[in-house]
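A.B. asks: Just dropping this structure here.
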Amino acid sequence: TQLNIGHLVDQNKEQRGEGFELRTDEWGAIAANKGLYLTSQTEPKAQGKQLDMQGAITQLENALSIAKALQNAATASEAHGADTDSQEQLKATLTQLAQSGILAYAQEGI
């Protein structure tokens, strides 16, 4: 198991990459009692807050808005509507990790 940070090199000191690498040949686990936010969103020089997740929350809000519009269209056409209550609850849970949850976000998609 290895945690490599910074200028990554192989055993011959040849560059392999930059940043960090956490790897193992066995099982891995990440545990965070209050919640886990995984993102590829840039945070230059660590200027912002640890849980600055506005991009992710905006994406959740947009998805919820689409679901509600589809539900309204289904209701108008007398079709079976979608349940958006669980999506509302998920958004509330994941906003600033108000409750234990996992939120993954990348601006270009996951």
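The values are calculated or read from the model by the stated rules, or taken from the named source; none is laboratory data. Keep in mind that what you see is a predicted model, and the values were worked out from it rather than measured. Glycine gets a Cβ as well: all are built from the backbone with ideal geometry, and neighbour counts include every protein chain shown.
A.B. asks: Condition first: more than 30 Å from Gly81 (Cα to Cα), surrounded by 12 or more Cβ atoms within 10 Å (Cβ to Cβ) and in contact with a helix residue (DSSP H, G or I) (Cβ under 7 Å, 6 or more places away or on another chain). Can you find one or more residues in region 25-37 that meet it?
C.D. replies: yes
A.B. asks: Would you check which residues across region 83-103 are touching a helix residue (DSSP H, G or I) at 6+ places or on another chain (Cβ under 8 Å) and of a type in the set (A, V, I, L, M) and list them?
C.D. replies: Leu90, Leu94, Ala98, Leu103 - these are the residues of region 83-103 that are touching a helix residue (DSSP H, G or I) at 6+ places or on another chain (Cβ under 8 Å) and of a type in the set (A, V, I, L, M).
A.B. asks: Return the residues of region 69-110 that are part of a loop (DSSP other than H, G, I, E, B), over 13 Å from the mean Cα position of the chain (by Cα) and under 22 Å from Lys49 (Cβ atoms); say none if nothing qualifies. It would help to see each step written out before you state the result.
C.D. replies: Going through region 69-110, the residues part of a loop (DSSP other than H, G, I, E, B) turn out to be 77-84, 98-101, 106-110.
Cutting the leftovers down to over 13 Å from the mean Cα position of the chain (by Cα) gives us 77-84, 98-100.
If the condition is that a residue be part of a loop (DSSP other than H, G, I, E, B), over 13 Å from the mean Cα position of the chain (by Cα) and under 22 Å from Lys49 (Cβ atoms), then Ala98, Gln99, Ser100 are the ones that fit.
A.B. asks: Counting only residues that are in contact with a Ser or Thr (Cβ under 7 Å, 6 or more places away or on another chain) and closer than 11 Å to Lys34 by Cβ, which one in region 90-105 is surrounded by the fewest Cβ atoms within 10 Å (Cβ to Cβ)?
C.D. replies: Gln99
A.B. asks: Go through the residues of region 58-68 one by one and say whether even a single one is assigned to a helix (DSSP H, G or I), in contact with a strand residue (DSSP E or B) (Cβ under 6 Å, 6 or more places away or on another chain) and either among the β-branched types (Val, Ile, Thr) or modelled with pLDDT of 85 or more (or both).
C.D. replies: No, there is no match, as no residue in region 58-68 is assigned to a helix (DSSP H, G or I), in contact with a strand residue (DSSP E or B) (Cβ under 6 Å, 6 or more places away or on another chain) and either among the β-branched types (Val, Ile, Thr) or modelled with pLDDT of 85 or more (or both).
A.B. asks: Does region 43-57 include one or more residues that are farther than 29 Å from Gly6 by Cα and either surrounded by 10 or more Cβ atoms within 10 Å (Cβ to Cβ) or in contact with a Phe, Trp or Tyr (Cβ under 9 Å, 6 or more places away or on another chain) (or both)? Lay out the reasoning, then the answer.
C.D. replies: Step one: list which residues in region 43-57 are farther than 29 Å from Gly6 by Cα, which gives 57.
Okay, now just the ones that are also either surrounded by 10 or more Cβ atoms within 10 Å (Cβ to Cβ) or in contact with a Phe, Trp or Tyr (Cβ under 9 Å, 6 or more places away or on another chain) (or both), so 57.
Yes, because at least one residue in region 43-57 is farther than 29 Å from Gly6 by Cα and either surrounded by 10 or more Cβ atoms within 10 Å (Cβ to Cβ) or in contact with a Phe, Trp or Tyr (Cβ under 9 Å, 6 or more places away or on another chain) (or both).
A.B. asks: Give the residues of region 80-89 that are surrounded by 11 or more Cβ atoms within 10 Å (Cβ to Cβ) and modelled with pLDDT under 85, sorted by residue number.
C.D. replies: The answer is Gly81, Ala82, Thr84, Gln87.
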